[in-house]
Amino acid sequence: MNFSWLFRMAWRDSRRSRQRLLLFMSAIVLGIAALVAINSFGDNLTRSIDEQARELLGADLTLSWSRPPSAKTQQLVKTLGRDRAYEVSFASLVSIPKTGGVRLAQVKGLEGNFPYYGTWEVEPASAVQTFRQAQSRIALVDDGLLVQLGAQPGDSVRLGNLSFLIAGRVTKTPGQAAIAATVAPTVFVPNQFLAGTGLLQRGSRIAYKYYYQFTPGTDVGASIKKYESVFDKEGINADTVADRKRQTGRSFADLTKYMSLVAFVALLLGCVGVASAVQLYVKEKITSVAILRTLGASGRQALLIYLVQTALMGLIGATVGAIIGSAIQLVLPQVFGRFLPVSVDTTLSGPAILGGIGTGLLISILFALMPLLAIRNVSPLRTLRTSYEDDLSGRDPLRWLVYLLVVGFIVGFAYWQTNNLMLALGFTGGLTVAFGILTLLGLGLIWLVRSFFPASWSYVWRQSLANLYRPNNQTLILVTAIGLGAFLIATLYLTQGLLLGRVELSASGNQPNMVLFDIQKEQIGGVRSLVQQQRLPVLQDVPVVTMRLTDINGKHPDVTKKDTTQKTPSWAFTREYRVTYRDTLISSEKLAAGKMPYQANGNIYVSIEKDFLDRLHLKLGDTLNFNVQGMLIPTIVGGTREVEWNRVQTNFVVVFPAGVLEQAPQFHVLMTRVPDNKTSAVLQRDLVNRFPNVSAIDLGLILKTVDEILGQVSFVIQFMALFSILTGLLVLGSSVVISKYQRMRESVLLRTLGASRSQILRITALEYGLLGFLAALSGILLSVVGTWALAQFVFDVPYRPDIVPLLVVTVVVTGLTILIGLFNSRDVLVRSPLEILRSEV
Amino acid sequence: MSILRVENLTKTYQSGGRELTVLHGVNFSLEPGDTFSIVGPSGSGKTTLLGLCAGLDHASSGSVYLNDIQLDKLSEDERAAVRNQYVGFIFQNFQLLPTLTALENVMIPLELRGEKGAQKTAQSLLERVGLGSRGHHYPTQLSGGEQQRVSLARAFANRPKLLFADEPTGNLDTDTSATVIDLLFELNREAGTTLVLVTHDLDLAAKTQRVIRIKGGTVVSDTQVATSI
């Protein structure tokens, strides 16, 4: 085959259609841009994490534990590294005496020169040095906490029995994404004053950590390898720069890969637009193809001429997309903002650009191939008979091959991004269902208009309705493209509402909405009466005992580790178990198998939560040996429970029977229900004054935190969804332009026959208004059904979608569709019929 | 050896669930260099016959031999190769590719054959039809008569053994028609090509050596014309 001739012919034939071909391909530009932007950002983020890995940790190594290790190990950890800093942290209520503000915060007692790497951003900067000298009771406080409590440097913050002068405002701590300060804002104090606060009581959940600096060039991983077994045994968690790099890199790689799937949806949407545009293009080119066939060109040659054209345009579209994407990635660090643990240095990413162009080229060829295949069958007889149509009516088995390739490509792309075949198949299946339903809705709409055509309505209405189903209509493609965009936006809003609704529901009615924890056994009476004095109910009072698991069925962790037939995960032995004791189930629990916790024949039968039982590969009758503050307690799995976790309530994976743990060191958790924020604030203030070690968290705080995080997350998702919406509008724009060519003659004819400009304007506006409205409605309908299913089957909450955002989406989408429709049809409206006839024909 | 032999040619279409036979057992043969016209009223089957003879369509029964190649045994792509090798076309509505210049339109048959010097050959053919200076014009920039002359140049570009012309003056005024027809016969004579002309213009048909008249899909007369130009 003469390929140079094919390219020459493709070039010659495209002369008059290049602008339009480029317009078709513009539909893929934004999808590619989104893909290249997110993948470039991912590459840059990985590189930045690699470069700034030590700053992620703030040290070369950290060792952390929550149970004090043996004296020998304590000695050992004090000898590692060239220099070390020590940190003690726990959650506690903190208050600002000046404003009366109280909030649960993370308290960190620090000694030494943390951080060794990275900048601890504190205002004023000199406060860090003063803090390290630790000569007075000063505190550095996270900016978010200061804002919430209405405090500023110079005020004092009260922790338990002591007050600290706020010496600085912390805006960034090495290794901590800014969003973490929203979830758990921190108060840093010199460690030497921590004991004086009275907050370090037995039973409090305290974490200890050493930050180490090693001599430059030390292989930290190798130098601590010999202590691994000791660390494992003592429940010490070692974190090196390499570990942190791996963990952070992996979680962000996952994030950017999922984001790239959102970008891919925009690309696919664009490709549907390309396929639709190419289909109309092929219809226009059929006579040219028939002439070429008459003169002796084979079907394959004719197909290749147009395939080369679309591929070249696809290449141009993908390249433009890659350029735009490379520019967009510059703003992505701002979009992700507070999620990022490192500052991202943005440079061009070769793999992302080439990958984006390759993906765009391949997918646009595959989608264009669907309509282009028909070219092979164009009969030369059309040169003699213009009405000949038999050649294109037959079924073409190659189409199925192309469909298969498209599906294969989507699965392949999703797998490449996620490395998870089930997820890739799920993604493809979900997309197929969404596209399928929107297509069916489009077809249904055409059928409805046709079947129930309102023959008695005015001419303007009849004409615009008829435009929805007449030959070469764009109804199906626009309902799919605009509908998918509306679906994405609506789903985003509705899911966000569902998540918040789920949290709100968890404390509706008489459910608890405030949790008081870290209550010492001797304090419980006092706290109960404090709560009751405020006329608040004590809804639950739960004792909690912390313990560790030493062996399962007599097998210790070192045995289970070596025995490959044992499936017990190693974390089962290193984690701390917070356990309660009672003989009954509570409202959030349901017996799944066996019995409730009980004692019989001197044996202790405990109840294990069902999912946990499965993850540990346990079964009823297995023996578990627990270590409670040095005392071993053998137990037997006597039953398993299903637990509803999504409530503001204490739930436990392990429940002991009553009569075993009563004398063990323990703390209490008390639940109450506060009617309003004011009562909550009064109770928290009284608690801080009388029981400074007791912490409280109320639903308002949880909701606020969830709302803030969701706000951040949804901004990122909205940013990505924006590409789909804009692509939908581009597809709309190009569809309107294509249909403009189709309809120009008719509008001119109408004008010639005496239709006024206003009539043409109303017909056009009504037609696009109907299309936009019905497309938005289809997308929203699909979204409502999808989120209803989520609410019903996943979140288990009553479904009450917020109508206002849905109305806004409908109005905006309809308005934009009308605007774009009118803008592209303006020629017919403002120019004289003869002028158009001369220029277009 | 006949250049075109048609044996018992029948064409039937499905129309509205019924069979419609538009050609009934047509037979004739042509010798190299013959000029031949098919005449008849609208709907008589003459264009169908031309399409079958040129290998643009396949018959329901019977055979067409073009330069001794039995067309009905070939696939569409094989027939396309035969057309490129042996056949030239002139259409009532010119059928020039609108996106190509006049010169490029004439070059296509040569380029499809992979011939070198296509541009030179095409240019000389355009000069031969009097459009040497219009090669870079697009069809829409040419008058009807000029477009048909480009079409003539393209038809002769691959030095065909057979030239099929379907109502070549149907879209032209009287004066332009006369010029185009003169040119057609002149080029045909120079190239020694066999000409098959479909027309309802009896005066035009009279310029060929032989005329067959079709009515209702059946050949009703086959006449040798005494005087031809």
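The values are calculated or read from the model by the stated rules, or taken from the named source; none is laboratory data. The model shown is predicted, which means the values in this text are computed figures rather than measured ones. We place every Cβ from the backbone using ideal geometry, glycine too, and count neighbours over all the protein chains shown. To get the accessible areas, we keep the full protein, side chains included, count just its heavy atoms, and leave off ligands, DNA and RNA. Shrake-Rupley method; radii C 1.70, N 1.55, O 1.52, S 1.80 Å.
Tabulated results
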read-out: Number of the condition not met by A:Val289 [criteria: (1) over 28 Å from A:Ile482 (Cα atoms); (2) more than 14 Å from every other protein chain (Cβ to nearest Cβ)]; value: (2)
read-out: When residues of region A:4-35 are limited to those that are of a type in the set (A, V, I, L, M, F, W, C) and within 11 Å of chain B (Cβ to nearest Cβ), the one surrounded by the most Cβ atoms within 10 Å (Cβ to Cβ); value: A:Met9
read-out: Residue, modelled with the highest pLDDT, within region A:394-424, restricted to residues that are under 19 Å from the mean Cα position of the chain (by Cα) and hydroxyl-bearing (Ser, Thr, Tyr); value: A:Tyr415
read-out: Residue under evaluation B:Leu96, criteria (1) touching a residue at least 60 places away in the same chain (Cβ under 8 Å); (2) more than 7 Å from every other protein chain (Cβ to nearest Cβ); (3) touching a Pro at 6+ places or on another chain (Cβ under 9 Å); (4) under 20 Å from B:Val180 (Cβ atoms), criterion not met; value: (1)
read-out: Test for A:Gln148: is it open to solvent by 30 Å² or more (accessible area, probe 1.4 Å) and under 19 Å from A:Ala207 (Cα atoms); value: no
read-out: Only listed residue being small (Gly, Ala, Ser), assigned to a helix (DSSP H, G or I) and at pLDDT 80 or above, chosen from A:Gly711, A:Gly769, A:Gly728; value: A:Gly769
read-out: Among residues of region A:257-293, those that are acidic (Asp, Glu) and under 36 Å from the mean Cα position of the chain (by Cα), counted; value: 0
read-out: Residue in region B:101-108 that is at the interface with another protein chain (Cβ under 9 Å from one of its Cβ atoms), among the β-branched types (Val, Ile, Thr) and in contact (Cβ under 8 Å) with a residue 40 or more places away in the chain present; value: yes
read-out: Residue in region B:139-158 that is in a loop (DSSP other than H, G, I, E, B) and at the interface with chain A (Cβ under 9 Å from one of its Cβ atoms) present; value: yes
read-out: So A:Tyr459, is it within 30 Å of A:Gly299 (Cβ to Cβ), exposed (fewer than 14 other Cβ atoms within 10 Å of the Cβ), away from chain B (no Cβ under 14 Å) and out of contact with any Leu (no Cβ under 8 Å at 6 or more places or on another chain); value: no
read-out: Yes/no for A:Gly299 being more than 14 Å from every other protein chain (Cβ to nearest Cβ) and of a type outside the set (D, E, K, R); value: no
read-out: Residue match in region A:311-327 (condition: surrounded by fewer than 24 Cβ atoms within 10 Å (Cβ to Cβ), touching a Phe, Trp or Tyr at 6+ places or on another chain (Cβ under 8 Å) and not acidic (Asp, Glu)); value: no
read-out: Criterion violated by A:Ala696 - all others in (1) over 26 Å from A:Leu200 (Cβ atoms); (2) buried (at least 19 other Cβ atoms within 10 Å of the Cβ) satisfied; value: (1)
read-out: Options A:Val716, A:Val797, A:Val809, A:Val828: the member that is β-branched (Val, Ile, Thr) and either modelled with pLDDT of 75 or more or open to solvent by 60 Å² or more (accessible area, probe 1.4 Å) (or both); value: A:Val809
read-out: Any hit, region B:183-201, residues being open to solvent by 30 Å² or more (accessible area, probe 1.4 Å), within 14 Å of another protein chain (Cβ to nearest Cβ) and within 25 Å of B:Gln85 (Cβ to Cβ); value: no
read-out: Matching residues, region B:57-75, being on the phi < 0 side of the Ramachandran plot, surrounded by fewer than 19 Cβ atoms within 10 Å (Cβ to Cβ) and either assigned to a loop (DSSP other than H, G, I, E, B) or at the interface with chain A (Cβ under 8 Å from one of its Cβ atoms) (or both); value: B:His58, B:Ser60, B:Leu74, B:Ser75
read-out: Yes/no for B:Gly51 being within 9 Å of chain A (Cβ to nearest Cβ), in contact with a Leu (Cβ under 7 Å, 6 or more places away or on another chain), free of Cβ contacts under 8 Å to residues at least 24 places away in the same chain and open to solvent by less than 30 Å² (accessible area, probe 1.4 Å); value: yes
read-out: Pairs with Cβ under 7 Å, 6+ apart, first in region A:67-84 and charged (D, E, K, R), second open to solvent by 30 Å² or more (accessible area, probe 1.4 Å) and assigned to a loop (DSSP other than H, G, I, E, B); value: A:Arg67/A:Glu576; A:Arg82/A:Thr215; A:Asp83/A:Asn113; A:Arg84/A:Gly112
read-out: Of residues in region B:118-138 being under 26 Å from B:Asp77 (Cβ atoms) and within 14 Å of chain A (Cβ to nearest Cβ), the one surrounded by the fewest Cβ atoms within 10 Å (Cβ to Cβ); value: B:Ala118
read-out: Test: residue in region B:77-90 that is over 25 Å from A:Phe3 (Cα atoms), more than 8 Å from every other protein chain (Cβ to nearest Cβ), touching a Gly at 6+ places or on another chain (Cβ under 6 Å) and at pLDDT 90 or above; value: no
read-out: Among the residues listed as A:Ala424, A:Ala374, the single one being in contact with a helix residue (DSSP H, G or I) (Cβ under 8 Å, 6 or more places away or on another chain), farther than 30 Å from B:Asn93 by Cα and not assigned by TED's automatic domain parsing to the domain that holds A:Ala775; value: A:Ala424
read-out: Some residue of region A:607-617 being in contact (Cβ under 8 Å) with a residue 60 or more places away in the chain, crowded, with 20+ Cβ neighbours inside 10 Å and in the same structural domain as A:Asp551 (by TED's automatic domain parsing); value: yes
read-out: Residue check for A:Gly81: closer than 30 Å to A:Ile363 by Cα and either touching an Asp or Glu at 6+ places or on another chain (Cβ under 7 Å) or more than 14 Å from chain B (Cβ to nearest Cβ) (or both); value: no
read-out: Answer from A:Ile291, A:Ile353 - the residue that is out of contact with any Gly (no Cβ under 8 Å at 6 or more places or on another chain), part of a helix (DSSP H, G or I), in the same structural domain as A:Arg12 (by TED's automatic domain parsing) and surrounded by 18 or more Cβ atoms within 10 Å (Cβ to Cβ); value: A:Ile291
read-out: Positions within region B:185-223 being at positive phi and assigned to a strand (DSSP E or B), in sequence order; value: none
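Quick grid of which residues meet (1) open to solvent by 50 Å² or more (accessible area, probe 1.4 Å); (2) within 16 Å of A:Tyr86 (Cβ to Cβ):
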site: A:Ala207; (1), (2): no, yes
site: A:Tyr211; (1), (2): no, yes
site: A:Ile224; (1), (2): no, no
site: A:Arg250; (1), (2): yes, no
site: A:Asp254; (1), (2): yes, no
